1. Phe41 passes all but one of (1) modelled with pLDDT under 95; (2) over 15 Å from the mean Cα position of the chain (by Cα); which number fails?
2. For segment 99-109, state whether one or more residues are charged (D, E, K, R), open to solvent by 60 Å² or more (accessible area, probe 1.4 Å), without any contact (Cβ under 8 Å) to a residue 24 or more places away in the chain and part of a helix (DSSP H, G or I).
3. Among the residues of segment 115-123, is any under 12 Å from the mean Cα position of the chain (by Cα), closer than 21 Å to Trp22 by Cβ and open to solvent by 80 Å² or more (accessible area, probe 1.4 Å)?
4. Given Arg59, Arg75, which one is open to solvent by 60 Å² or more (accessible area, probe 1.4 Å), among the basic types (Lys, Arg), within 27 Å of Ile20 (Cβ to Cβ) and in contact with a strand residue (DSSP E or B) (Cβ under 7 Å, 6 or more places away or on another chain)?
5. Taking into account only those residues within segment 44-75 that are of a type in the set (S, T, N, Q) and not in a loop (DSSP other than H, G, I, E, B), which is farthest from the chain's Cα centre (by Cα)?
6. Of all the residues that make up segment 78-95, how many are open to solvent by 50 Å² or more (accessible area, probe 1.4 Å) and touching a Lys or Arg at 6+ places or on another chain (Cβ under 9 Å)?
7. State which residue is surrounded by the most Cβ atoms within 10 Å (Cβ to Cβ) when the search covers only segment 20-56 and only residues that are in contact (Cβ under 8 Å) with a residue 40 or more places away in the chain and hydroxyl-bearing (Ser, Thr, Tyr).
8. So Trp22 passes all but one of these: (1) at pLDDT 95 or above; (2) touching a Ser or Thr at 6+ places or on another chain (Cβ under 7 Å). Which condition number does it fail?
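The values are calculated or read from the model by the stated rules, or taken from the named source; none is laboratory data. Small disclaimer: the values here were computed from a predicted structure and weren't measured. Methodologically, a virtual Cβ is constructed for each residue, glycine included, from the backbone with ideal geometry; neighbour enumeration extends over all protein chains shown. Accessible surface areas use protein heavy atoms only, side chains included; no ligands, DNA or RNA. Shrake-Rupley method; radii C 1.70, N 1.55, O 1.52, S 1.80 Å.
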Amino acid sequence: MKPYQHTANSGSHSDRANWIGWIARTDRGRLRFTGADALEFLQALVTNDLSTLVVGASREAAYLTKEGRMITDMRIFRGDGEIIVSVPAELAGSLAMQFDFLIFAEDVQVTDASQLIREISLV
C-alpha cells in the first residue's frame, strides 16, 4: 500500500509544514494479551515500567534474554481489557509461543493478532 499524503493548506503544495501522511506498518506484527493478569505478566518480562500505563496509552520496552541480551523492541498499547504489543513481523509467531510457554498460573492468554489488527504510522 502506498503512503497517503494530505495537506491542511488548500493552497500551494510548497508549504510542506502542514502535510500529514500515513504508512501501513507491514513490518510490524501484533500480539494480543488478554486476561486479568496480562499487565502484571508483561511487567515481569519487559524492560520498562508498565504499572503506570493507563488505558489508551502506550510505552516502548524491550524483551531480553535472562542474560540481558536483546530479543526484540516492542511498543505496548493498553486497551480496555486487552494489551496489544507491536513487535517485528518476522518474530510475532515465535514470540507468541514463547510468551505462552512462560504462562504458569496467571490469567493470561496471548495470540498472534497480526492478521486481525492493522497498524499505521502517522507522519
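1. For Phe41, the exception is condition (1).
2. Yes, some residue in segment 99-109 is charged (D, E, K, R), open to solvent by 60 Å² or more (accessible area, probe 1.4 Å), without any contact (Cβ under 8 Å) to a residue 24 or more places away in the chain and part of a helix (DSSP H, G or I).
3. Yes, that holds for at least one residue.
4. Arg75
5. Only one residue tops the list, namely Thr72.
6. Of the residues in segment 78-95, 2 are open to solvent by 50 Å² or more (accessible area, probe 1.4 Å) and touching a Lys or Arg at 6+ places or on another chain (Cβ under 9 Å).
7. Taking segment 20-56 and keeping what is in contact (Cβ under 8 Å) with a residue 40 or more places away in the chain, we get 20-42, 45.
Then keep just the ones that are hydroxyl-bearing (Ser, Thr, Tyr); that gives 26, 34.
Numbers: Thr26: 11, Thr34: 15.
Across segment 20-56, the extreme among qualifying residues is Thr34.
8. It is condition (1) that Trp22 fails.
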